[in-house]
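What follows is calculated from the coordinates using simple rules that are stated; it is not laboratory data. In this text, all values refer to a predicted model and were calculated from it rather than measured experimentally. Don't worry about glycine lacking a Cβ; one is built from the backbone with ideal geometry, like all the others, and counts go over all protein chains shown.
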Amino acid sequence: MQHITVSIGISNRFSVEALDEFYQGIYAACEKYNVDLAGGDTCSSQKGFVISVTAIGEVWSDKFVTRSGAKKNDLVCVTGDLGGAYLGLQLLEREKKIFLENPGVQPDLQQRSYVVGRILKPEPRTDIVEWLREQEITPTSMIDVSDGLSSELLHICKASNVGCVIHEEKIPIHDETKQTAFEFSIDPTTCALNGGEDYELLFTVAQTDYEKVVRNKKISVIGFVSEATDGAVLITKQGNKHKLIAQGWNAF
């Protein structure tokens, strides 16, 4: 990525100081990732604050990775951990409701800083992209986890005309995510499969790259690619098989 444009619609409920803080955050992110803010429109909004960002970049014609290259027996890999962003959102919504009902009660989020950070400040996995380049590993397919692991796996399977088998016990879930899930009486695996907004990378690689991939502690091998006729399957910790169903966000 080389440039971004940021267009905003803002109402008179927001102060100039708040808008300045917003752009300071954009400038900080641009500096961190060496991206230029190239422009964008500003207009009034009757309600709230509307933000539209367009990212512009380029890639070598022989280096880009699509969703459609997964092959039978490829390994299914995911970066980081999953489900935290969904639990962070649940926590913020609960604390907002409490605050609106009792304005004198201030939210205490210090014990859940990780999951709150996952929803409020997702980080692009440029570190993984750079590591894969250094290791001369070219994924056969790739997608980001924005709609939940199930949805993204099904996108790759459909585009590549394959199936997949993933193991519940291999899905990476942070300890704080598990604790928060239990607090809300939600299955942590459900959060990982359907929550979304984690913005980790889901990708497939050839089995010949296994020894390289497992050396990176930020990458988890969670399964393998199968025949299309086998469908997309989750094997639970108890050894039961379940068909993967996309229950996350559907943009269309």
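A full extension of the chain between residue 32 and residue 7 corresponds to an added length of 6.9 nm, given 0.36 nm per residue minus the alpha carbon distance.
Of the beta bridges in the chain, as assigned by DSSP with both residues counted there, near 75 percent are antiparallel. DSSP bridge analysis restricted to the range 106-252 gives an antiparallel fraction near 75%, rounded to the nearest 5. Pairs of alpha-carbon atoms within less than 8 angstrom and 6+ residues apart define the contacts here; what relative contact order does the range 187-252 have, in percent? Contact order relative to length: 33 percent.
May I ask you to list the trypsin sites (Lys or Arg not before Pro) in the range 1-50 that are in a DSSP loop and have at most 12 other Cβ atoms within 10 Å of their Cβ? Please list the in-between numbers first.
Working: sites: 13, 32, 47; in loops: 13, 47.
Loop-located and lightly packed - 13, 47.
Among 36, 74, 175, the largest mean-square fluctuation in a Gaussian network model of the chain (Cα springs under 10 Å) belongs to 36. Taking a threshold of 32 Å on the Cα-Cα distance, which of the pairs 121/241; 121/170; 96/158; 32/237 fall above it? Table pairs above 32 Å Cα-Cα are 121/241; 96/158; 32/237.
Largest GNM mean-square fluctuation across 174, 155, 242, computed for the chain with C-alpha springs under 10 Å, falls on 242.
So how far, in whole Å, is the C-alpha centre of the range 46-122 from the one of the range 195-244? Distance between centres, Cα-based: 20 Å. Per the Debye formula on identical point scatterers at the alpha carbon atoms of the range 132-252, with no solvent, log10 I(q)/I(0) at q = 0.10, 0.11, 0.20 Å⁻¹ is -0.31, -0.38, -1.25.
Per-residue 3J(HN,Hα) values for the range 148-155, derived from phi via the Karplus relation 6.51 cos²θ - 1.76 cosθ + 1.60 with θ = phi - 60°, read x, 4, 4, 4, 5, 4, 5, 4 Hz in sequence order (x marks Gly and Pro).
Entry note, the chain: relative contact order of 27 percent, from Cα contacts under 8 Å with a spacing of 6+ residues. Once the chain from residue 123 to residue 158 is taken as fully extended at 0.36 nm per residue, the excess over their C-alpha distance is 9.9 nm. Helical content alone sets the calculated 222 nm signal of the chain at -10000 deg cm²/dmol, taking -39,500 (n - 2.57) per DSSP H segment of four or more residues and averaging over every residue. In order along the range 68-75, the phi-based Karplus estimate (6.51 cos²θ - 1.76 cosθ + 1.60, θ = phi - 60°) of 3J(HN,Hα) comes to 9, x, 5, 10, 3, 6, 4, 8 Hz; Gly and Pro are listed as x.
Pairwise Cα distances in the chain exceed 35 Å in 23 percent of cases. With both labels modelled 7 Å from their Cα along Cα-to-Cβ, the residue 20 to residue 170 distance reads 5.2 nm. Highest mobility in the GNM of the chain, judged by mean-square fluctuation with C-alpha springs under 10 Å and restricted to 123, 227, 31, is found for 31. Compared with the dominant principal axis of the Cα atoms in the chain, helix 84-101 is inclined by about 30°.
Projected over all directions and averaged, the alpha-carbon convex hull of the range 2-127 occupies 12.0 nm².
Give, as ranges by residue number, the residues of the range 7-43 whose backbone N falls under 16 Å from the point 7 Å along Cα→Cβ of residue 50. Flagged as within label range: 7-14, 40-43.
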